Amino acid sequence: MAATSSSPSLVDTLFQRSLDDLIRALRSSSSSSVLEAAAIARALDEIRREIRSPDLDTKAVALQKLTYLASLHHLDMSWAAFHALELLPSPSLPHPRVAYLAASLSFHPSSTDLLPLATHQLRKHLAPSPSNTPALVAPALHLLALASSADLACHLASDLLPILSGPLRPKAIATALRAFAVCPDAAPVLFKPLVDCLSLSSEPRAVSAAVSAFCELALAAPDPSPYLPLAPEFYRLLVDSHNNWVLIKVLKIFARLAPLEPRLAVRIHDPVCHLLRRSPAKSLVFECIRTVLSSLSDHDAAVRLAVDKIKEFLASDDDPNLRYLGLQALAMLGPAYLWAVEESREVVIQSLNDTDTNIRHEALCLIMGMLCESNVVEICNLLIKYAMKSDPDFANEILDAVLATCGRNVYELIVDFDWYVSLLGEMARNPHCAKGDEIERQLVDIGLRVRDARPELVLVARDLLIDPAPLGNPFLCRVLSAAAWVSGEYVESSRNLLELVEALLQPRTNRLSSLVRAVYIQAVFKVVTFSFISFIKQIQAFDTKSSADRNAAFESENGVATADKAVIFDSIDNNETIKHESVSHLLDFVETTVGPLSECDDVEIQERARNVLGLIHIIRETRYWDIVAEHGLTRDKKISEIVELMEAAFSEELGPVSTNAQKRDTVPEGLILNENLSDLAEILGDIDVTPCTSILFSLRCHHPTETKEDSAPVIEPSSLLAEHRKRHGLYYLPTEKDEVESNDYPLASDPLLAVSHVDDAKDIVKLTAQSFIPRKAKPTKPRPVVIRLDEGDGVSRSGLTMVKEFKDDLLSGAIRNVLLGNESKPSSSRDMSSDRTSRRGENDASNNNDLFSQPKESNALDGRKHRKSSSRKSRHHARHKEKNGSPGNEDIEETSHRHSTRSSRHQGRHKHRQRGDAPPDVVSQEPVIQDFLL
Amino acid sequence: MIRAVIVMNTQGKPRLLKFYEFQPPEKQQELTRSVFAGQGALLSGRPDNVSNFVEADAIFGPVIFSSLLFVSFVAEITKKKKQEEFKEGTRLVYKHLATLYFVFVFDSCENELAMLDLIQVLVETLDRCFKNVCELDIVFNFNKMHTILDEIIFGGQVLETSSERVLKAVEEISRLEKSSSSVSFVPKSVSGRFGR
């Protein structure tokens, strides 16, 4: 067969290259990728030929080579699936092993539908027979574990049973676990043997495998309550086992179960604390810490102990892993245990300086978690200073964290907005800053929301605009855009208009992108308007005032009224006066600098430039401009009109728009909201309807009301809404995720990297020594009003309520059935076990007496049960029916009862103590609260 | 569970790949690459004296196996929600030894430090098996590597942590393989004939 394909040389057909030969050939050609690709292609040709050979050895070697290439050179080998199956029945052990390896590495129900063909062969290999050595059964199990479909798992579930009690038990358990995952129907058959593996008599490795299987199941299950009846078994392991692997898994299971059963926490408290104190294994100690922090956080002594252990972790200078995990553990503590973080403050802050990025990151998170109103100023100042000196990645991480924390929930932490606004300015000056977008957003947002912060905002904007350095930094152009917008919009807070205009029109602005530049020019437009209006108003005010003055002057016979106009302007108010010369100069300056831009290629710039020039033209045309000394200005209709018009254009204040604003609009008549627009999408398919987002920025300055209306009336289908949101992001309040960009922009100034970091960290520790102590906040001035809209504002809710459909989770259901002995599903294994239980039932009563005659825990519940043990059951029956009549609860009660009785045989007293653990009334507690802390 | 075991050299060439959730070959290549030099230069960018853990949620995404358990969790939206609520917590732990990185990817069912120990177990076993293991041993013993690994980790579950017992099992298997094929396994091979 081989001879027919292509034209292989005689040598090729006579000799087959082994896997080693192939590897050697690949290694010798690995110097260049072209050579390697050629070598692989050649090998593949060879394999394609050889794998069809009737000789099984040849086929096996070919398959082995193919597996190697597929695994380490990422070739597709799905085409050879059938050849792998062909090798399975071979009597020579290496053949099926090679085939199983190939199959387990490459088969999957989603891509390989051939595996069902091998059902029979798999069954043969799994069957208990002397010829099926572990060397053959194990790979068969592995294939079943990794690549089985639901059907196959179901078919072969019963074949696993004999192996579940043989020497390959651990592997069978791991396989059974995967079988559950793909096929919940297998649970009734496989679950009991799995539970049996937990018993003391089992081989330690089987116990370990079974515990990790249950850990996997309980942690993955949305509702772990079906595993609650097994708590006694796990408790026994927790107390008796000396295997750290087992203990770790048991602790994980308990951490998952404890929220369901409050008394479980009380029960595991002592053993966990014991392990925490005694265990030399760091892994186990860490798991104990985690369990304490997640499940025993109400027990102060345990938390204290855990915190002490965390400190030991943090203090291990030679092991960064322990320090990292220690910081993570601190982060797990949550806001209720700030004292613990406080105690390790120094270490946490030192960690900001660690060489390890993980550790720095955790430390930063912890510090951000400590922020509160009273210390936000000090800590953020320090962090921003620190960011100036750290490496680019971490600097941006710090900026990100500060921006996110301070901006959280509409700046709830910020009292002093003047400070925060200047901090934003400082952030923009960080040489590594790549967070321009978020800074831009917050600058504008604060402008809209916090009226009192506007003067400072304008000041910060001015400083940013005047500095020519940031103009060339692509990461900062967004910030500059915000600065320009702010100084235009709130121009009335500006101190020196000419300076501002000069900054906005400085020559280096040509390095900005055209859209940002358009914003700049629009800001100039606003400044010009403002200065003109104020000038006119001033004259008008002077007019009225001077006529009053004149009257007064006539009376007092004083000649002031005849003084030169400019002098009088000066005399009105030295600070506020706008001289005619200065306005004139401003207009001249603007005209000369903007003039050339009216010929600019870019439409945005050109349009705005022409607007500005047009405005200046109108102003120049007015009669007043020829310095008319007489006071007839107020009566000049034209000027009044212009002033009114321009005032109207910019007087309306822009405000934040609520996310829910659209919902409040009534739906116009005749508009069908649920109409399918997919036809429309087809028609519009090739028209790009997404304009660049930044256009909107300038749009917004222009026609604020228009755009708002435009977004208002229609509630579109969600996809369109999302699209709209993308385009009009500015009008939606909740923050969006920042894009993290790498900052490779050449530094504008020397970042002071040479400064010794160690000293800095010490300084920080010193400086923050006081600031972390939560002081009574004594704000010198009250927090300014921050405009918050309705409930939806700032809080980003994903809008999805957690669906309580977990209950239908098939696997949980199946397991519940198995554990609770649901009568409707009889199966062979269940029959057996129920048989066993009934036999043990005889001992039941005596066991119970035993149990209740020695109530170890002085628990009220135990006591009560002790008294009423005989009548317990009937009482519960009655109560359940009264209360909610839920059928499941009673079942749980019964099974836990059965379980403990069954296991009581080989356990003795631990079980007895445990008996109280699953008391019926707690299990039946109405809403089982799910805890996702894990 | 353990989601993947990756052994690669310091140039990022994979030497042993085992994914316990099915990944198509292209995806395997992508994952291996991003583990070696992903965003923020994962392994290749980390100096020697730093911690050995890396958050890997971004690379590996939600656990496929667990999502199988969440039968009702198919919808994309709920999956997103789930990620928020459960915090998958996929991490990887690695050890850099000589020219090799040993990487284990695991989820929240495993203990971080225990995984670090497990790498030690694997390395120790290899060392005993190959007598001072080096990269070449791993390159040329593809099948044996898988045999050893399968004794330690099976279907994503840790089954054996004693290198002694692993070694015994592996030796037993190779003994059986030899006895089963009395003739040489690769009769036609002329080793080295095509090499170099």
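The values are calculated or read from the model by the stated rules, or taken from the named source; none is laboratory data. This is a predicted model, so every value here is computed, not measured. Positions of Cβ are backbone-derived with ideal geometry, glycine not excepted, and every protein chain shown enters the neighbour counts. Just the protein is used for accessible areas: all its heavy atoms, side chains included, with ligands, DNA and RNA removed. Shrake-Rupley method; radii C 1.70, N 1.55, O 1.52, S 1.80 Å.
Database remark: amide H of B:ARG15 closer than 5 angstrom to the amide H of B:VAL7, B:MET8, B:ASN9 (H placed geometrically; neighbours at sequence offset of 5 or more, or on other chains; Pro and chain starts carry no H).
Label zone (B:GLN120, point 7 Å along Cα-to-C-beta; backbone nitrogen cut-off 18 Å) within region A:324-368: A:324-326. In plain terms, the chain from A:ARG42 to A:ASN409 could stretch by 125.9 nm, reckoned as 0.36 nm per residue minus the Cα-Cα distance. Over all pairs of different C-alpha atoms, region A:430-500 has a mean inverse distance whose reciprocal, the Kirkwood radius, equals 12.1 Å.
Rg then Dmax, both in Å and based on the Cα atoms of region A:10-158: 16.3, 52.
Each residue, A:ASP317 and B:ARG175, gets one label point 7 Å from its Cα in the Cβ direction; the gap between the two is 5.1 nm.
Mind giving me the FRET efficiency for A:GLN540 and A:LEU338? R0 is 56 Å, r the Cβ-Cβ distance, nearest 0.05 is fine.
0.40
Taking all Cα pairs closer than 8 Å and separated by 6 or more residues, the relative contact order of region A:268-307 comes to 40 percent.
Label region A:316-412 by shape, choosing from rounded, prolate and oblate, from the square roots a ≥ b ≥ c of the eigenvalues of the Cα gyration tensor; if a/c is under 1.5 it is rounded, and otherwise prolate applies when a/b is larger than b/c, oblate when it is not.
On the way: a/c = 1.93, a/b = 1.20, b/c = 1.61.
Verdict is oblate for region A:316-412.
Interface area, chains B and A: about 8100 Å² of buried accessible surface, summed, with a 1.4 Å probe and ligands, DNA and RNA left out. Across region A:428-444, rounded Karplus estimates of 3J(HN,Hα) from the backbone phi angles (6.51 cos²θ - 1.76 cosθ + 1.60, θ = phi - 60°) give 5, 7, 4, x, 9, 4, 10, 9, x, 4, 6, 4, 4, 4, 5, 4, 5 Hz, Gly and Pro being marked x.
With 27 Å as the limit on Cα-Cα distance, the pairs of A:LYS59/B:LYS18; A:LYS59/A:LYS124; A:LYS124/A:LYS249; A:LYS282/B:LYS27; A:LYS309/B:LYS95; A:LYS171/B:LYS168 that go past it are A:LYS124/A:LYS249; A:LYS282/B:LYS27.
Counting only protein heavy atoms and a probe of 1.4 Å, the accessible surface of region A:443-517 is 48% carbon and sulfur.
Residue-wise HN-Hα couplings along region A:74-87, as the Karplus relation 6.51 cos²θ - 1.76 cosθ + 1.60 with θ = phi - 60° gives them from phi, are 6, 8, 7, 10, 5, 5, 9, 4, 5, 5, 5, 5, 4, 7 Hz; Gly and Pro carry x.
The residues packed around B:ARG15, meaning those with a beta-carbon under 13 Å from its beta-carbon, carry a net charge of +2 if Lys and Arg are +1 and Asp and Glu are -1. Residues of region A:101-135 that lose at least 50 Å² of accessible area (1.4 Å probe, protein heavy atoms only) when the other protein chains are present, relative to their chain alone, are A:LEU101, A:LEU105.
Shown in residue order for region A:139-146 are the 3J(HN,Hα) couplings computed by the Karplus curve 6.51 cos²θ - 1.76 cosθ + 1.60 at θ = phi - 60°: x, 4, 4, 5, 4, 4, 5, 8 Hz (x for Gly and Pro).
Among residues other than A:GLY614 with Cβ under 12 Å from its Cβ, the summed charge is 0 (Lys and Arg +1, Asp and Glu -1). As a calculated quantity, the FRET efficiency between B:THR10 and A:GLU621 at R0 = 60 Å, using C-beta atoms, amounts to about 0.20.
Note on A:282-290: average number of Cβ atoms from other chains within 10 Å of each residue's Cβ is 3. Here's how it looks for B:ASN52: its modeled amide H is under 5 Å from those of A:ASN321, which are all 5 or more places away or on a different chain. Taken as Cα centroids, region A:135-212 and region A:405-450 sit 57 Å apart, rounded to the nearest whole angstrom.
With R₀ set to 51 Å, the beta-carbon distance separating A:ASP55 from A:SER678 gives a calculated FRET efficiency near 0.30. Residues whose amide H comes within less than 5 Å of that of B:LEU97, counting only those at least five positions distant or on another chain, are B:PHE102 (H built at 1.01 Å from N in the peptide plane). Buried on complex formation within region A:210-239 (loss of at least 40 square angstrom of accessible surface versus the isolated chain, 1.4 Å probe, ligands and nucleic acids ignored): A:GLU216, A:LEU219, A:ALA220.
Just want to confirm a number: the relative contact order over region A:13-130, from Cα pairs under 8 angstrom separated by 6+ residues, in percent.
This gives 19 percent for region A:13-130.
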